[in-house]
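Take a look at the structure below.
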Amino acid sequence: MRSYPSEHKEIVSQLLDGRFIIYPNPMFAVIQTQEDEYKEFFKESYGFDLNIDSEFAYLSSNEVTEKRTRDFTLFLAMLCRELDYSGKNFRDSIELATFDIADTEKLLRQSSKWEILEKTSIAEFDKFIGTWHTKNVLKRIGNQFKFTKAVKLFFEFAVNVANAKLKEQQAL
């Protein structure tokens, strides 16, 4: 019988719950040192791909369609848009700044694009922030939040979508 590290149940539980495991969490080091075993475990047991970045680990699957991820990507896009319009470097803000929850909700609700967000889970903003806090994409501290290193994945996704759209337009 295969021997698993003492953190195994917690690693599996967190990843299956859609959480990112982020460096310097000790579980991240366990995943890194047993990368091949964990990749095989998740693929064979659940059909999921274990993705390990230099700073975080998460599961993905081509079979899964998850609206929460779409909603978070919309939230990030709209927040970046509003920060840019207010003259702030949105990339630096997302990576370094702390955001007041009430002020951020107000900023988004005043956006000319709010009608897109109000049809998503973002409309219940405090609950939305709490959900992404439990997924380790945001770190909530009282009435404020910061983005974790996992936000990098959503930026990469947005760039890939934009590049695909540009290729479609160029092909026409």
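The values are calculated or read from the model by the stated rules, or taken from the named source; none is laboratory data. Computed from a prediction, not measured in an experiment: that's the story for all the values here. All Cβ positions, even for glycine, are placed from backbone atoms using ideal geometry, and neighbour counts span all protein chains on display.
Scanning the stretch 122-141 for residues that are among the hydroxyl-bearing types (Ser, Thr, Tyr) and touching a helix residue (DSSP H, G or I) at 6+ places or on another chain (Cβ under 8 Å) turns up at least one hit. Applying a threshold of 8 Å to beta carbon distances and a minimum spacing of six or more residues, or different chains, the list of pairs starting in the stretch 146-160 at a residue that is in the same structural domain as Arg81 (by TED's automatic domain parsing) and ending at one that is assigned to a helix (DSSP H, G or I) and aliphatic (A, V, I, L, M) reads Phe147/Ile94; Val151/Leu76; Val151/Ile94; Phe154/Leu76; Phe155/Leu76; Phe155/Ile94; Ala158/Leu76; Ala158/Ala77.
Of everything listed in (1) farther than 19 Å from Asn136 by Cα; (2) exposed (fewer than 13 other Cβ atoms within 10 Å of the Cβ), the single unmet condition for Lys43 is (2). For Ser13, the conditions (1) closer than 21 Å to Thr69 by Cβ; (2) under 17 Å from the mean Cα position of the chain (by Cα) all hold with the exception of (2).
Has the stretch 126-142 got at least one residue that is loosely packed, with under 13 Cβ neighbours inside 10 Å and over 18 Å from the mean Cα position of the chain (by Cα)? Yes, the stretch 126-142 contains a residue that is loosely packed, with under 13 Cβ neighbours inside 10 Å and over 18 Å from the mean Cα position of the chain (by Cα). Among the residues making up the stretch 97-108, those that are out of contact with any Lys or Arg (no Cβ under 8 Å at 6 or more places or on another chain) and surrounded by fewer than 13 Cβ atoms within 10 Å (Cβ to Cβ) are Ala102, Asp103, Lys106. Restricting Ser93, Ser121 to those that are within 25 Å of Ile22 (Cβ to Cβ), without any contact (Cβ under 8 Å) to a residue 60 or more places away in the chain, crowded, with 18+ Cβ neighbours inside 10 Å and of a type outside the set (Lys, Arg) reduces the list to Ser121. When Asp49, Asp53 are checked against the criterion of being acidic (Asp, Glu), under 18 Å from Gly18 (Cα atoms), touching a residue at least 60 places away in the same chain (Cβ under 8 Å) and outside the structural domain of Ala162 (by TED's automatic domain parsing), a single residue qualifies: Asp53. Criterion applied to Leu15, Leu79 was being in the same structural domain as Ile141 (by TED's automatic domain parsing), buried (at least 18 other Cβ atoms within 10 Å of the Cβ) and free of Cβ contacts under 8 Å to residues at least 60 places away in the same chain, and the one residue passing it is Leu79. Within the bounds of the stretch 50-71, is there any residue that is modelled with pLDDT of 95 or more, touching a strand residue (DSSP E or B) at 6+ places or on another chain (Cβ under 7 Å) and farther than 25 Å from Phe128 by Cβ? Yes, the stretch 50-71 contains at least one residue that is modelled with pLDDT of 95 or more, touching a strand residue (DSSP E or B) at 6+ places or on another chain (Cβ under 7 Å) and farther than 25 Å from Phe128 by Cβ.
Taken over the stretch 132-145, residues that are touching a Phe, Trp or Tyr at 6+ places or on another chain (Cβ under 9 Å) and touching a residue at least 40 places away in the same chain (Cβ under 8 Å) amount to 6.
Scanning the stretch 153-162 turns up at least one residue that is within 12 Å of the chain's Cα centre (by Cα), under 24 Å from Tyr23 (Cβ atoms) and among the small types (Gly, Ala, Ser).
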